[in-house]
Structures are given as C-alpha cells and as structure tokens.
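Worksheet: one structure, shown below.
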Amino acid sequence: MKRYIHASQALASLALVALISGFSAQAGDFPGGNGFAATQPMPTLTAGMYGTQTGDANSGNMGQYLCRSSSPIQFTINIADTNPATASATLQMAVYDVDTDYTSSPEVDSVYVNNAKVGTLNGANGTWFYNVFNVPIGTLVQGSNTVKVTIDDNNGGWCVQVDWGVISLTGGSNTSLQIPRGWITPTQAAAGSYINIFAEVSGSNIVSVKTYYDLGVGGLYELANMTDPGKTNTYSGQFQLPAGLPPGYFKDFKIIATDANGNKAYWPGVVVQ
C-alpha cells in the first residue's frame, strides 16, 4: 500500500476482489508497517513440488511487509530432480498488497528465476493473491535455484509481502494428465447467482482439481475444490457471482488439475446479465 490510503481507488477496485478472495482489505498499512500479520500457509509439497518460506540472508525476508529500501526479496528453492532443465515448470507465490489496481501509477514488482525474468506480481490494494508464473524450459538447475522479487521498480512508494514460493515441475513421469473439456452453466447469469463449473479430467493418481478466477498477468484466486462424487472423471464445483457486478461484466475462469507426480493440466467465462 502507498504512504496514504487511496480510499476511492480501494472502494472501486476491491468491491469485487475482496468478495472473491475471502480476505478483507487491511487499511492503514504504510512503508515500515507490519502489513498483513497473518501468514499464508504454503501448500503441501507432493512429488515434483519444491518450495520454501525462508528468505536468503542479506535480502528482504519472506513473511514481512517490505518496501523498495528492502529490495529485493530473494529466496532459494532446492530441486532434487536430476534434470529439471528439461521440464516445464511453474512458480507459485502468495503475495499481499500488490497495488496493480491503482490507475495513475500502479505498483511494479518484477520476478526472476535464476536471473531470467518470468513476469511481474499481480494483485490489488490490501489483498492476498496467488501468483503463478511459467518458468521457461532450461531455466532451472538441479540443486539451488534463486528466486528474486524486486520491489517497487518504478519508485512509486509501494510495499509488498511474499509469504512462500513453490516451483512445480510439470513434465514428470506421468504426462497423460489432461482436461479435454471444461464448461460453465449458465454462461449468462445475474450478479449474486450461482454458476456451475465442470471439467472432464483424464489421467491417473489425480490429487486435486480446482477452480480459479484468472486475473491475467500471473494472478489467480483459488475459488473452490472440484469433486467427482460419481467417480466418472467429471469434476464439478459451484461459485456464487459477487452481488453488484454491472451488466456485461465478463468473468474468466481457469481449472487446474494436479496429479501425484506434480503434473498439472489446465482448462482456460460468464457474462453478467
């Protein structure tokens, strides 16, 4: 958050975001402040997943609300896989208070893996976001991999908190995981009503299928777990559209399936009447 509260910006931009995320905005944060005290738990690391909640020495610490003077936030993720350079991979992070929703001078925090830029953080004022970045093939190495987040590249007075980072290798031994079809009913719905989300998932040892709200630029909100009670490989979930959305508002969703080897499959909306 900036040195002062942008009240009109926060009210306009957080009306949707706070409802979707389930987290409330934290007013009154300032450079040098404590940010959002509650940390976000790191996901359970299964096969093909490697992560940390600890920052490197002499860098901005993870789990703390930091500003440009503490840049960069840097941490090391150790990968045991014998040849990660040939694997497709993603980097996930839990981040707080990334003010990309501020219109006049938005926050810019760049993300690097082994000095290769993979994107910039995405988020909103006073809100937790899960960011997901694709890591190019050839970037990762066996052993120590350095992730760096440069804070407030444009010197706009912004601050941020990063709680954990997880690298998932998606090119493991089981590459058959797929979401051949996903669909939403209804595709036009009134604000405040429920929509149903479905996905046909193929593959073995599936451990989770989840629905996310896709914010673009690497930003994802986890909305709901999808289940397959009939064991037919057709997973379903339900989501309530926030009340007060304007007619014509378009919502984009993403479905991500994960198997026991850490492989992931993706299915890339809903128009409010």
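The values are calculated or read from the model by the stated rules, or taken from the named source; none is laboratory data. Not measured: the values here are computed from a predicted model. Because the Cβ atoms are built from the backbone with ideal geometry, glycine has one as well, and the counts that use them run over all protein chains shown.
For residues that are of a type in the set (Ser, Thr, Tyr) and outside any helix (DSSP H, G or I), scanning just the range 60-75, find the one that is surrounded by the fewest Cβ atoms within 10 Å (Cβ to Cβ).
Per the criteria, the residue is Ser71.
Being in contact with a Ser or Thr (Cβ under 8 Å, 6 or more places away or on another chain) and at pLDDT below 85: is that true of Ala199 here?
no
Return the pair list, or none, for Cβ contacts closer than 7 Å from residues in the range 182-205 that are within 28 Å of Ala260 (Cβ to Cβ) to residues that are basic (Lys, Arg) and assigned to a strand (DSSP E or B), at least 6 apart or on different chains.
From residues that are within 28 Å of Ala260 (Cβ to Cβ), the pairs are Glu200/Arg181.
For the range 249-269, enumerate the residues that are within 15 Å of Leu45 (Cβ to Cβ) and outside any loop (DSSP other than H, G, I, E, B).
Residues satisfying the conditions are Thr258, Asp259, Lys264.
Looking only at residues in the range 205-233 that are β-branched (Val, Ile, Thr) and exposed (fewer than 14 other Cβ atoms within 10 Å of the Cβ), which one is modelled with the highest pLDDT?
Here the answer is Thr227.
Every residue, every condition in (1) in contact with an Asp or Glu (Cβ under 9 Å, 6 or more places away or on another chain); (2) more than 18 Å from Thr54 (Cα to Cα); (3) assigned by TED's automatic domain parsing to the domain that holds Tyr213; (4) modelled with pLDDT of 90 or more, yes or no:
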position: Asp97; (1), (2), (3), (4): yes, yes, no, yes
position: Thr100; (1), (2), (3), (4): yes, yes, no, no
position: Lys117; (1), (2), (3), (4): no, yes, no, yes
position: Asn125; (1), (2), (3), (4): yes, yes, no, no
position: Ile151; (1), (2), (3), (4): yes, no, no, yes
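If a residue counts only when it is surrounded by 14 or more Cβ atoms within 10 Å (Cβ to Cβ) and of a type in the set (Phe, Trp, Tyr), which strands (runs of 3 or more DSSP E) contained entirely in the range 76-155 have at least 2 such residues?
128-135
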